[in-house]
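The values are calculated or read from the model by the stated rules, or taken from the named source; none is laboratory data. Note that the structure is predicted; figures quoted are calculated from it, not measured. Positions of Cβ are backbone-derived with ideal geometry, glycine not excepted, and every protein chain shown enters the neighbour counts. Accessible surface areas use protein heavy atoms only, side chains included; no ligands, DNA or RNA. Shrake-Rupley method; radii C 1.70, N 1.55, O 1.52, S 1.80 Å.
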Amino acid sequence: MYSASDLKKNLKIQIDGEPYVVVDFQFVKPGKGQALYRCKLKNMVTGSQFERTFRSVDTFESANLQERTMQYLYKEENKYCFMDNESYEQVYLTAEQVGDGINFMIDNLDVDILFFGDQPLGVTLPNFVDLTVTKADPWVKGDTAAGNSKPIIVETGYQLQAPPFVEEGEKIRIDTRTGEYVTRVKE
């Protein structure tokens, strides 16, 4: 159980049987009376957001969330299929639930999926993924007008900036949190 004084950003709580995450938090102490906690909450199932004010005596249940490691298998129309590595159970997530992870997911990639009961909520990718460059314009020595980076496209279709020495066919490491180039990968 959490009390209102435990509220902070990114805390996951359960209200009326639904999981919520605290998006924004503000402590207010009026001149007289008891302290108030103003929160912006986001429903983890529907994605809807609203603001709510709590008193210091209010209590909350912690959200019954679990993370399971699953493997990305394939995309079917607007759904993404994942398989549990232990039970071989398959789960489908929408593009909204996968979010920006779409740019970095390749077949057989292990990811963590957050569940509320039996309902999948979202995906957490590894911090770094190795992808093959499918399109990179050649770099001419002395071409400094373009700066020290050039646009490239990787096998998932994601476009990013990379150093001029990166060529087509090379594997590169990308930080999935920022979407930026990290280094070349030697095979």
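Structure notes:
- Prolate/oblate/rounded label for the chain (Cα gyration tensor, a/c 1.5): oblate
- Rg(Cα)/(2.2 N^0.38 Å) for the range 44-128, N = residue count: 1.28
- Taking the Cα centre of the range 16-72 as reference, the dipole from Cβ charges on Lys and Arg (+1) and Asp and Glu (-1) amounts to some 320 debye.
- Cβ-based charge dipole, the chain, positive-most Cα from Asn103, Pro30, Ser149: Pro30
- Taking a straight line from the alpha carbon of Lys150, these lysines sit under 22 Å away, with near neighbours fewer than eight places off in the same chain left out: Lys135, Lys141, Lys171, Lys186.
- Förster radius 22 Å - calculated FRET efficiency between Thr178 and Glu155 (Cβ-Cβ, nearest 0.05): 0.70
- Å² per residue, accessible surface of the range 1-124 at 1.4 Å: 59
- Total formal charge among the other residues, if their Cβ is under 14 angstrom from that of Pro30, Lys/Arg +1 and Asp/Glu -1: +4
- Over all other residues within a Cβ to Cβ distance under 13 Å of Ala136, the charged ones net out to -1, with Lys and Arg as +1 and Asp and Glu as -1.
- Neighbourhood charge, 10 Å Cβ-Cβ cut-off, centred on Val98 and excluding it, Lys, Arg +1 and Asp, Glu -1: 0
- In this structure Leu125 has an accessible area near 30 Å², from a 1.4 Å probe over the protein heavy atoms.
- Point-charge dipole on Cβ atoms (K/R +1, D/E -1) for the chain, about Cα centre, debye to 20: 1120
- Among Gln66, Phe50, Val129 the positive-end extreme of the charge dipole of the range 48-132 (Cβ point charges): Phe50
- With a Förster radius of 45 Å applied to the C-beta separation of Gln90 and Leu36, the computed FRET efficiency comes to 0.50.
- All lysines inside 18 Å of Lys42 as judged from Cα atoms, apart from same-chain residues fewer than 8 positions distant: Lys8, Lys9, Lys12
- Relative contact order, percent, the chain [alpha-carbon distance under 8 Å, six or more residues apart]: 14
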